[in-house]
Amino acid sequence: MQQRNPNISKGVDWVMVWLYAIIIVIGLVCIFSVEYKTGDSVVQTLIGFKKNYSKQLYFFGACIIIATFILLTDSKFFTATANLSYLFGILLVLATFVVGKEIKGSKSWIPLGFMNLQPVELCKIFTALALSKYLSMQETDFRKPTSQLIAAAIAFTPAVLSIFQSETGLALVYFSFLIPMYREGLPPGYLITGVAMAVLLVVSLLFTSKTLLIGFTILAAILIYFNRRQIKRNSRLLYIIAGAWLFCSLFVGVAVPFAFKHVFKKYQADRIFSMVGVDNPFADATTANMITPEEEKQKQKKNDQQNYNVKQSKIAIGSGGFAGKGFLKGTQTQGDFVPQQHTDFIFTSVGENFGFWGCVILLLLYLAMLFRIVRMAERQRSTFSRVYAYSVAAIIFFHVSVNVCVTIGLAPVIGITLPLMSYGGSSLITFTILIFILIKLDADRQMVLR
């Protein structure tokens, strides 16, 4: 019988712990640089729980306590309660429809007094555990479509609920669970289809549906012409070309217009199209023709406001140059020119204060964390631990890549935080729990968990 080890530090991957701590400290410094004003008493504001950097410091203290409890917990607890915790997470998300608080147009928050809890953020932990539990079961044959559908239902149910809460950004995060599923044997055709849909979506922003349909038809005809000999020998190639043509045509001709008209809200669609410098072609043409000059001005003003965050973000990052302006010397940061700079746009404070090299160092820290997690994943004896590790890596990768792309204008603003950096108790606690459950599972990697 295996004895419990009273030493909390035995087996702990301290490289991961230090990477976690360093990134959080950088985040605290950046939040401080955003909010600090000349004449503020640092000691009083830190104790007073009034400034965001003060609150974030307290959240960090709470995270240390939570991390300690996780490291003291038996690893089998996470497998035993995975399904129950997932059910609890879904119920918590559903509760927001009844008792939720609306913030920035999204009713996805539960007020707790000292902080606002976002259940769909926390549900990423429960989804990772439940997916790991299901894929590690002996009776799960992931080669069968039924098992793949069940895994997809586990991963994407919180995403669907998130869309109903008008929290599209966090809903997209759940697509990161495709990476651990692919690692466990999901056919590559699903990922190829997903990438193709993403490319088609981007192309459909630049060209009209009619132009694309003509282009797909011409391309299909060319492929059939140059492969006519192979098609005579094997008609399967003709079916593949015809199927690809039909899929692309239906996607850009039916799916994309439906999404922009009925799934995305008008301001979200306008924001996406404004990113590539074109007007939203799916706006109601009848109302567009009836618009007055004054309404046109208001529309233009609204579009400018939608792009204002990204414009100021790019100005702030660009003004930092290679070496940065120095700590507390950023004019954009100190002048409050970048909205939401302590949350979704915290990366801009790194760029302005510490410049290009500061951004590179931060991204290298994230890269080191991701490589470390993948290394931890591949040394696990348990399928549960391996799937969970890849889930954590995928979530962090998605958050970092999308957040950075948003701040430099390569992606629309969808409200994705920068892990361990952005201000917010829900985000910081969620990533802390995700990372330290992984550290605990890795410390007990000699155990085979199911």
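The values are calculated or read from the model by the stated rules, or taken from the named source; none is laboratory data. Treat the numbers as computed from the prediction; the structure is a model and nothing was measured. Please note: Cβ atoms are built from the backbone with ideal geometry, for glycine as well, and neighbour counts cover all protein chains shown.
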Do we have Leu117 as modelled with pLDDT under 85 and closer than 19 Å to Ile395 by Cβ here?
yes
Could we say that Leu250 is modelled with pLDDT of 85 or more, within 30 Å of the chain's Cα centre (by Cα) and not polar (S, T, N, Q) here?
yes
Show me the helices (runs of 4 or more DSSP H) entirely contained within the range 158-214 in which 1 or more residues are among the aliphatic types (A, V, I, L, M) and in contact with a strand residue (DSSP E or B) (Cβ under 9 Å, 6 or more places away or on another chain).
168-173
Tell me, which residue of the range 202-243 that is of a type outside the set (Val, Ile, Thr) and under 13 Å from Gly253 (Cβ atoms) is surrounded by the fewest Cβ atoms within 10 Å (Cβ to Cβ)?
Lys210
Can you name every residue in the range 138-158 that is among the aromatic types (Phe, Trp, Tyr) and either farther than 22 Å from Tyr388 by Cβ or over 17 Å from the mean Cα position of the chain (by Cα) (or both)?
Phe142
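Would it be correct to say that Asn280 is modelled with pLDDT under 85, in the same structural domain as Leu201 (by TED's automatic domain parsing) and closer than 23 Å to Tyr308 by Cβ?
yes
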Return yes when Phe398 is without any contact (Cβ under 8 Å) to a residue 60 or more places away in the chain, within 17 Å of Gln118 (Cβ to Cβ) and in contact with a helix residue (DSSP H, G or I) (Cβ under 8 Å, 6 or more places away or on another chain) and no when it is not.
no
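Which of the following residues is at pLDDT below 85, within 24 Å of Tyr388 (Cβ to Cβ), crowded, with 20+ Cβ neighbours inside 10 Å and not small (Gly, Ala, Ser): Leu131, Leu135, Leu170, Leu161? Spell out the reasoning first.
Numbers: Leu131 fails: at pLDDT below 85; Leu135 fails: at pLDDT below 85; Leu161 fails: at pLDDT below 85.
From the options Leu131, Leu135, Leu170, Leu161, the qualifying one is Leu170.
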For the range 1-27, how many residues are surrounded by 17 or more Cβ atoms within 10 Å (Cβ to Cβ), of a type in the set (A, V, I, L, M) and either within 19 Å of Tyr423 (Cβ to Cβ) or modelled with pLDDT under 85 (or both)?
3
Can you name the helices (runs of 4 or more DSSP H) wholly within the range 316-415 that have at least 2 residues being at pLDDT 85 or above, surrounded by fewer than 17 Cβ atoms within 10 Å (Cβ to Cβ) and on the phi < 0 side of the Ramachandran plot?
347-378, 383-407
